[in-house]
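Asker: One structure is given below, represented as structure tokens, and several questions about it will come after.
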């Protein structure tokens, strides 16, 4: 498989497409969100298994997309948890989420509620 075939396949999601976009040098990345649960992470994990040379370049994702910094820093831990215990991975990822939002310039406005400028609001479901 090559990267062009992958992006047109059915094992993609917002977070895995963000990795793909950075690795492919895309000028514009439409959505840059981090994985929020083990299913999201799994798509990223499988992408990096297909293109293992990209695994060593994850710092480029963090450099281009600040929200990814905490996730990239903890990627190895998340891989181990994904392979062993999805429930523990989910809890671990949720703990990182506050750090991810803060790294991207969001301000916490309440429990599970974030704001970035006057027009962007995010609330956990």
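Nothing in this text is a laboratory measurement; each read-out follows from the coordinates by a stated rule. Since this is a predicted model, take the numbers as computed values, not measurements. Heads up, the Cβs are rebuilt from the backbone with ideal geometry, glycines too, and the neighbour counts pull from every protein chain shown.
Asker: Between residue 37 and residue 50, with labels modelled 7 Å along Cα→Cβ, what's the label distance in nm to one decimal, could you check?
Answerer: Those two pseudo-labels are separated by 2.2 nm.
Asker: How much mean residue ellipticity at 222 nm does the chain get from its helices, if each DSSP H run of length 4 or more adds -39500 (n - 2.57) and you divide by all residues, to the nearest 500 deg cm²/dmol?
Answerer: Working: 8 runs with 72 residues, N = 125.
Helix-only estimate at 222 nm: -16500 deg cm²/dmol.
Asker: Give me the compactness ratio for the range 1-59, meaning the Cα radius of gyration over 2.2 N^0.38 Å.
Answerer: So the range 1-59 has a normalised radius of gyration of 1.01.
Asker: Rounding to the nearest 10 and keeping the result within 0 to 90°, find how far the Cα-based axis of helix 14-23 lies from the longest principal axis of the chain.
Answerer: 60 degrees
Asker: Here is a follow-up. From the P(r) of the range 3-123, could you give the percentage of C-alpha pairs in the tail past 25 Å?
Answerer: 22 percent
Asker: Which value in nm describes the separation of the simple spin-label points at residue 59 and residue 74, placed 7 Å from the Cα toward the beta carbon?
Answerer: Spacing of the two 7 Å Cα→Cβ label points: 2.1 nm.
Asker: Sequence gap at least 6, Cα distance under 8 Å: using those rules, report the relative contact order of the chain to the nearest whole percent. Please report the intermediate quantities before stating the final value.
Answerer: Details: 131 pairs, mean separation 23.1, N = 125.
That works out to 18 percent.
Asker: When a footprinting reagent is the concern and you count Cβ atoms within 10 Å, what order do 72, 22 take, fewest first?
Answerer: Going from least to most buried by this count: 72, 22.
Asker: Counting other beta carbons within 10 Å of each Cβ, put 67, 107 in order, fewest first. Walk me through the numbers on the way to the answer.
Answerer: Working: 67 21, 107 11.
The fewest-first ordering by Cβ neighbours comes to 107, 67.
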